[in-house]
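The structure appears right after this line, and notes come after that.
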Amino acid sequence: MDSQELQRIKNKYDIVGNDAALNHAIETALAVAPTDLTVLITGESGAGKDVIPQIIHQHSRRKTGKYLAINCGAIPEGTINSELFGHVKGSFTGAVEDRKGYFEMADGGTLFLDEIGELPKETQAMLLRVLQNGEFIKVGSSKVQKTDVRVIAATNISLRTALQRGQFREDLYYRLNAVQIMVPSLRERPEDIYLLFRKFSSDFAEKNNSRKVILSHEAISLLKSYRWPGNVRQLKNIAETVTALESSRALPGATDRVELTREQLAPYVPDEQDTLLPMTAPSAPAGGMSDDEKRAFVQALVDLGQKVERLEERVNGLAGSPSSIPAHSEAPQPDEAEWQEQVSPEISLKKASDNLIQKALERHGGNIKEAAAELGISERTIYRKLAKQKEEGK
């Protein structure tokens, strides 16, 4: 694909950046779009995986059909089968009428299943049947129905590692992984960081009739040195915050732009260096770690876990066989906030995990989606934690 055509696609889907890995992901999406191959999109949360299935759908023969995007991690385990495959009246309490599932609604189109690694084992088996035969059965029914849906899946965890732990079906993994597209993290495309910052600042300024923010060379270096655990989503939030606050502080009658130095930008960038842990471990105060310190420590452990999983992926890819993973990697690894289980010398990390989740829920008025976004974990993890706490409280 020539550079002009590639840039046209980027403009159409509001993609900013010139990173080679990003370009390769877009080109691969366009190459597989005319086929009906199942596609697995991998990459960290917030990296921009959601635009790839849109490109595939809009350049496929299904572009006139429906495109549905479903976050599997946001659907409670007890209702996910009904959401995906539908149910019949009376199949469970509250099923007052027949309901179509997403596979029936998307017939003739494309279904994007985000956070596919969060699917329960029972649902994985039902998904495998759809992928193999185009068949599904509604909850509470015995009637086999047909659907013609192209499935595109995405994950921010290592499915191969989940497979090794017995959390994901091997046959489903290989069925989903017909074509894999890797979306690079923001820290892997440092030259794109300031381009994205300018884009987000400009868009926000135009929308809110405020001044745009530009950065000095030293301030740009500060952005590049940060590890961006929240990827593009985090950068967008910071760019908009900086633009909102700094443009309002500019003197009346100044130009339509505000240039910030490194010192002026620094308060907006979390105090974390691009190292394995995001901050130097502080001395614990008499009362133990503060909530902010706990949250940062947990996030550091999550990031470390993701790096280990990515390393396992590379080892497996080079060796060509799941059995070639070193023996020490087979030990069960905790996921997301559950990494806390083994760390603090002063408090049980299980309790720390529960406390962090509880405090996040309190800050967001019980909104699980917002609490999960703050903690950098999936909504399904919070649902599991709450269900476990309820069970233990009986």
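Bear in mind that the values in this text are calculations on the coordinates, not laboratory data. In this text the structure is predicted, and so the values were computed from the model without any measurement. All Cβ positions, even for glycine, are placed from backbone atoms using ideal geometry, and neighbour counts span all protein chains on display.
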Between the residues 112, 64, 94, the Cα farthest towards the positive end of the dipole of segment 3-184, that dipole coming from +1 and -1 charges on the beta-carbon of Lys, Arg, Asp and Glu, is from 64
Under the rule rounded for a/c under 1.5, else prolate if a/b exceeds b/c, else oblate, using alpha carbon gyration tensor axes a ≥ b ≥ c, segment 187-268 is classed as prolate
About its Cα centre, segment 111-206 carries a charge dipole, from +1 on Lys and Arg Cβ atoms and -1 on Asp and Glu Cβ atoms, whose size in debye to the nearest 20 is 380
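Mean separation of Cα pairs under 8 Å and 6+ residues apart, divided by the residue count of segment 187-268: what relative contact order is that in percent?
Value for segment 187-268: 42 percent.
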Magnitude of the Cβ-charge dipole (Lys and Arg +1, Asp and Glu -1) of segment 187-268 about the Cα centre, nearest 20 debye, reported as 180
Per the C-alpha gyration tensor (a ≥ b ≥ c, the square roots of its eigenvalues), segment 170-213 is rounded if a/c is under 1.5, else prolate if a/b beats b/c, else oblate; here it's prolate
Once normalised by the length of segment 3-184, the mean sequence separation of its alpha carbon contacts under 8 Å that are 6 or more apart gives a contact order in percent of 31
Projected onto their principal axes, the Cα atoms of segment 30-173 stretch, largest extent first, over whole-Å spans of 43, 39, 26
In the structure shown, of 89/390; 143/385; 121/369; 146/369; 100/207, the pairs separated by more than 27 angstrom at the C-alpha atoms are 89/390; 143/385; 146/369; 100/207
Between the alpha carbon centres of segment 143-177 and segment 196-219 the gap in Å comes to 40
Simple SL model, points at 7 angstrom along Cα→Cβ for residue 3 and residue 27; separation in nm is 1.3
About its Cα centre, segment 3-184 carries a charge dipole, from +1 on Lys and Arg Cβ atoms and -1 on Asp and Glu Cβ atoms, whose size in debye to the nearest 20 is 400
Note on segment 1-66: contact order normalised by length, alpha-carbon pairs under 8 Å, 6 or more apart, percent, works out to 34
Heads up, segment 9-53 by the C-alpha gyration tensor (a ≥ b ≥ c square roots of eigenvalues; a/c under 1.5 rounded, else a/b over b/c prolate, else oblate) looks oblate
